[in-house]
1. If you go through the stretch A:33-61, how many residues are more than 29 Å from A:His17 (Cβ to Cβ) and touching a residue at least 60 places away in the same chain (Cβ under 8 Å)?
2. Find all pairs meeting these conditions: Cβ atoms under 8 angstrom apart; at least six residues apart or on different chains; first residue within the stretch D:5-16 and at the interface with chain A (Cβ under 7 Å from one of its Cβ atoms); second residue of a type in the set (Gly, Ala, Ser).
3. What number goes with the only condition from (1) buried (at least 21 other Cβ atoms within 10 Å of the Cβ); (2) over 20 Å from D:Phe51 (Cβ atoms) that D:Glu235 does not pass?
4. Would you kindly identify the helices (runs of 4 or more DSSP H) lying entirely within the stretch B:165-253 that contain at least 1 residues that are more than 14 Å from chain A (Cβ to nearest Cβ) and touching a Ser or Thr at 6+ places or on another chain (Cβ under 8 Å)?
5. What is the residue count in the stretch D:20-47 for residues that are in a strand (DSSP E or B) and free of Cβ contacts under 8 Å to residues at least 24 places away in the same chain?
6. List every residue pair whose Cβ atoms lie under 8 Å apart, where the two residues are 6 or more positions apart in sequence or sit on different chains, the first residue falls within the stretch A:224-242 and is closer than 23 Å to A:Asp258 by Cβ, and the second residue, located anywhere, is of a type in the set (Asp, Glu) and within 11 Å of ligand 3 (Cβ to nearest atom).
7. Tally up the residues in the stretch A:268-316 that are among the small types (Gly, Ala, Ser) and facing another protein chain (nearest Cβ under 9 Å), please.
8. Would you mention how many residues in the stretch C:307-335 are in contact (Cβ under 8 Å) with a residue 40 or more places away in the chain and either in contact with a strand residue (DSSP E or B) (Cβ under 6 Å, 6 or more places away or on another chain) or of a type in the set (Gly, Ala, Ser) (or both)?
Amino acid sequence: MKRYNLLLQNIPDFVKHLQAQGEVLAPHTKGDNSFSFDKVTDANNVILDYNRTLQSIRKFFLPPTERLLNYSLTENTFTKVEIENNQRIFLGVHSYDMQAVLKLDFNFSDRTPEVNYLKRRENCTFIGVSFEPDDFHFSRSVGITVEATEGFDIFLNRHENGYEVQVLTERGEGIIKGFNALENAPELAETNRQFKNKIKFNHNRLPEVMEQSWKSPVWDEVAKRCVGCGTCNLVCPTCYCFNVVDNVDLSLKDGSRDRHWDGCMLNSFAAVAGGENFRETLASRQRHRIYRKFKYITDKTGDPWCVGCGRCAAYCTADISIVEIINQLSDEFEQNYLRKSAAPAEQII
Amino acid sequence: MTTQTAPKTKIKIAYFDFTSCEGCQLNKLNLENHILDLLEHVEIVEFREAMDDKADSYDVAFIEGSISTPTCVERIHDIRRRAKILVALGSCASIGGINAMKNLQPIEDVREIVYGEDKYLFPTLPAMPLSAIVKVDYEIHGCPMSIPEFLQVFKALAMGKAPIKPDSPVCVECKLRENECLFDRGMVCLGPITRSGCDAICPSFGQFCTGCRGLVPNPNKNAMLDILTDHGLSLQEAEKRLLLFNSYQHPDTFK
Amino acid sequence: MSKNLDINVHHLTRVEGHGNIVVNMKEGRLEKAELQIVEAPRYFEAMLKGRSFHDAAIITSRICGICSLGHQMTSLKATEDALGLELSEQTILLRKLLVNGATLQSNVLHVYFLVAPDLLNAPSVFPLIPTHTDVILRALRMKRLANDIGDIVSGRAVHPITPVPGGFTKIPSVGELKEIRRRLVEEGIPDVLETVKTVKALAGGIPNFVRETEYISLKDKNEYALYEGDIYSSDTGITDVHDYRSITNEFVVPHSTSKHAKNARSSYMVGALARWNNNYSQLTDTALKAAEELGLKPDCYNPYMNSVAQVVECAHCAEDSIKIIDQLLEMGLKDEKPNQTPTKYGKGTGSNEVPRGILFHEYEYDRRGNIVAANCIIPTGQNLANIDDDMKKLVPEIIGKSKADITKHLEMLVRAYDPCISCSVHLLNVDFIDDTES
Amino acid sequence: MTLSTQEHNPRELYYPEMAEITAIKQYTELEKWYEITLPGGRDLEHQPGQFAIFSLFGIGEAAISICSAPSKKGAFDICVRKVGMLTEKLHQLEIGQKIGVRGPFGTGFPVADFKGKDILIIGGGIGIVPLRSLINHVIDNRDDFGRLVILYGAKNPQELLFPDELQKWNDDPRIEYQVTVDQGSPEWQGNTGVITTLIPGLDLDLDNTIAAIVGPPIMYKFVLMALKSKRLPDENIYMSLERRMKCGVGKCGHCQINDSYVCLDGPVYHFPDIKNLPEAI
Ligand SMILES: Cc1cc2nc3c(=O)[nH]c(=O)nc-3n(C[C@H](O)[C@H](O)[C@H](O)COP(=O)(O)OP(=O)(O)OC[C@H]3O[C@@H](n4cnc5c(N)ncnc54)[C@H](O)[C@@H]3O)c2cc1C
Ligand code: SF4
Ligand code: SF4
Ligand code: SF4
């Protein structure tokens, strides 16, 4: 692996160097206090120092609304939709969001591999960047450090005057070739940034906690505060549920079948015609949401399906924190099951 | 091959208005880019604000406004008899809307405040949505009614299918548009329990959701009040904000 | 000549809101000539009580969907006056742009869709679509442009979103303003000029009726007053906006759920014709040329000419909007936050010219910024007494005509005022009661 | 890291194939039966119990079970209850018109494992529809199986589906057919009462009997209780479940029952696999 040093003042040039090779997508400011991944039009507007973007880069692979097919009502025929897979360079991705993409890769290639998602994933280059954990980040607790490089072609690790550039793949080397404003750099001292926000247990114990939590009173307590707005689903980088609707033009001659993001916290997510709703209460929906992140897929893959980005808590309108929920369940588990078997606490954590 | 799902004949539609600002009708007249397309599929047989004609029956009656006088009650029964499908247009018609705010105060006081000692000249009832008096087939929410939803319902009816009734909250549409949440800008917003379908137009323009589309089914009102009070409103102010367009649903409105 | 006449137009069409025209003549003596306002009363003043200053304009904009921007502007001004909120120059310019857009929109709607069918003897605009397609498309294009000003600057033309006390929640982008400017230049002005031609061709159908009355509007030293100024009466001159009650003198009449108003005489007129009579010299050049073309001269006492004055204002609004956009672009748009920190609490008054005339809102706030008392005086309400007086003079003048003709004249008269009945509560209907041989 | 997606063999999952309606029968006010023919008379190649997703452009999609047996060649059958947008429009279609088909999807009944066993069919309401595929399969391969016992329950006599076939089942000496309705009518001479009332009277070879259950959500609990009291082993029970479904291919998330996807792991489930899923029944 090659390492270089990139000075802060050279970043706009670096962005321009990338722009010459493909579409560059990077964080920009959005609104008063938020950030969003958007196509770079002006290299000076790229922000590499940010806490989190409102939406993760999943929106580029699974767009919020996506046309599945076009049809003609008069002909009763449909036409296929072209799926773009041009060269895209993602600049300034945090490690947890990269991990989330790898998880979605699994979901969309498992059992019934879906061309819509997978094709958009071709021809992508990822340039990671380190971040300073805030009150909401807890990726460390799910096994993802700030400096985790898996999935990246290049990783930028922030230090006082700039970034340490780690070139991780051949693709990364290809991308960086020809950019001269880099200095060779010695390896940085291990940074290993600390997180304030933590899950009490090691994440590999959580499926066991969940196993015992089906009937926990925590679900009802959370449900009392939750308004069921679905924000937590819709901002989660590993959520991918969707709805499909047919839309027709005003001519009533043509139309499209479109899918858009959906969320299991929403009222009618599990409702069928005739009025039956298989997850009627907010408590049962909360439980399903958390189990999707820490039990169901985890039982199959061994990995938590939450990447600790903190979005669901940071944007929750009711200030509900997933870490708090997990920690409450863990406390309960500790009291009801571990105390009884008298295991020393150290072994658990 | 003949079309299977597209309409075969023009549907006869009529527009009526009750107690309202007529903003929904106007909003409809503001469909400049669409109006000629719309007229391809329908024949407008009655529309007082724009034309002189009157009709005996209609496939679809679009109705704006709340019921708030004894005459309104008679008229809406009459319209219901003539209409195959009755669609409530906008908040006044679908949920009582702003008009229903007057229900929160004793009706005599309200009349006194406005007309003083002449208050007895003008009879009034509590303001009610159409569904309080007659069966309403579909509702288009919003103050003014949301044009995207109007078009959606219109197209569905023209195709002879039931329109989709949005039942998720405005926050969903905000997220799909990647808006910065107004709570993060220090404002308070009713989006979390307000029925979507407006494409989150207010938050997208930096203004809080006023709840004009009514509440989602099974709203967790107490949690919403907690959110509002956590963000600086007193409980009374929070309730008032919630009641802006939703007074009719409030248990105190018919004291 | 029939000595007895009974006209009863129940729920007059092609006006906004519900009203009846009732005319009753017995043996040559006019017993009744009135516009009855039967719109259900809505009690906005009562609804406002106890509401926060954030909500006032949201509520009052719902008085009327057609004048929603006007109510909102007036409401915001009253609130800002009461709470001592200073506005930036940018905010004021953007608001003036909005007022121009709303006036343009409303005037186009009224002239093309509500008045033109009368002049063409059609029951509505719909039959005109196949026969006058170009004209209708032009009208739709003009309305779209006017509404786009509203959509872009205020989020939505009906019940605007972004204008709030102290400023705007979102500022339009430079690109959006430039695009609007381009369209104003390339479609807006040419379409207005075409409109002048169309209306000129139809102007022969405008009845020749004259009755001098008092004309009341805003007046400003620097510009054709739509957003700013003092109250001006053609009879009594300038009055401070805060003293509006001394001008409007509202009173309740039994045949109207909307209150009537009077100042120096038994009635006065507000709206485009009043503005024209009071402020014509401040119109843009294109507007003045349009007036000349259409034969509208200062001190015009024919209320039917109100529709013509509206066309003239269309030209003014389009041209003035271009000027405002240029000014904004020159200043450079700033992403300003609304100024919402009150410096005082108490009473405040706001006034604005809305398409139908001068509008007043007055609020009193308590120390938490909640409304203690509110009063709104609406242009159509102010015109009602004047309409009744017009009818009283008109009916004897045209009594020789057929009943259908008389009815049409009366309906057209009321429509010329572009009455906004939702505003005044919701109004209009002509009742002819005819028990003669006729 | 770019994904070399070819190794995943990505598939176009959402494009339907246009098939023709070749026969229609109206059974009840709400239910219609259709025969559907794929282009060229190609077989759908489904297993009894599987479903497909049907679509009409401008209206939407819905999951519908295939109700003919695989032995029917050149076309297949569905039976549709009119409950909403798509099903309503489908009811307006005529012979010769085309609808979109995706599938078959999901699990079917493992008929190979049922060979030599007695088959107990318990169908409530529209649940008889997916079971008809299994019933016909057993009838068509009658010697491969032991007894065929059919219990069918409906709300009232007017709602009984496949009336012509019911008569055949009733008349066939090798089928033990019993039907009951919740509410009788003056002409109704048969059983009245919920379907569970038919179970206690059954004489079953417990180890050799496979029960296949399909019905409305609330039916399962009571049928399972009745079978439990008969001591039918859980391993011998199969059931088909219904959930909201948008994609049919395990992506949209709507049909999830705990960690199981009805569209992939179901709709036909082996009871032992779901009895510990609290959201299943
Ligand atoms: C595996 C499976 C097999 C089925 N087999 C049959 C069958 O053989 N015959 C039959 O008549 N019906 C069957 N259904 C039910 C059928 O799918 C629904 O009745 C149908 O989706 C309703 O669609 P709609 O557009 O007419 O109703 P609407 O009321 O307009 O739509 C109901 C909403 O619920 C959604 N929805 C998704 N899944 C379901 C569901 N399972 N039930 C109800 N609503 C659903 C629809 O997509 C839509 O959004 C089956 C369902 C499943 C899951
Ligand atoms: S974001 Fe918060 S309030 Fe909204 S559904 Fe999720 S947990 Fe509930
Ligand atoms: S569950 Fe919450 S913290 Fe975890 S990945 Fe999703 S949004 Fe981020
Ligand atoms: S701005 Fe309002 S609607 Fe949008 S996400 Fe926030 S609370 Fe929800």
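1. Of all residues in the stretch A:33-61, those more than 29 Å from A:His17 (Cβ to Cβ) come to A:33.
Filter again for touching a residue at least 60 places away in the same chain (Cβ under 8 Å), leaving none.
Residues in the stretch A:33-61 being more than 29 Å from A:His17 (Cβ to Cβ) and touching a residue at least 60 places away in the same chain (Cβ under 8 Å): 0 in total.
2. D:Thr5/A:Ser109; D:His8/A:Ser109; D:Pro10/A:Ser109
3. (1)
4. Once the helices (runs of 4 or more DSSP H) in the stretch B:165-253 are filtered for at least 1 residues that are more than 14 Å from chain A (Cβ to nearest Cβ) and touching a Ser or Thr at 6+ places or on another chain (Cβ under 8 Å), what remains is B:201-204, B:235-243.
5. Going residue by residue through the stretch D:20-47, those that are in a strand (DSSP E or B) are D:20-26, D:31-37.
Checking the rest, the ones that are also free of Cβ contacts under 8 Å to residues at least 24 places away in the same chain come to D:25-26.
Here the count works out to 2.
6. That search, which allows pairs on different chains as well, returns A:Pro237/A:Asp97.
7. Let us first name the residues in the stretch A:268-316 that are among the small types (Gly, Ala, Ser), namely A:268, A:270-271, A:273-275, A:283-284, A:302, A:308, A:310, A:313-314.
Next cut, facing another protein chain (nearest Cβ under 9 Å) only: A:268, A:270-271, A:273-274, A:284, A:314.
Qualifying residue count for the region: 7.
8. 4
The values are calculated or read from the model by the stated rules, or taken from the named source; none is laboratory data. If you're wondering where the values come from, they're calculated on a predicted model, not measured in any experiment. Reconstructed Cβ throughout: ideal geometry from the backbone, glycine too, with neighbour counts over all protein chains shown.
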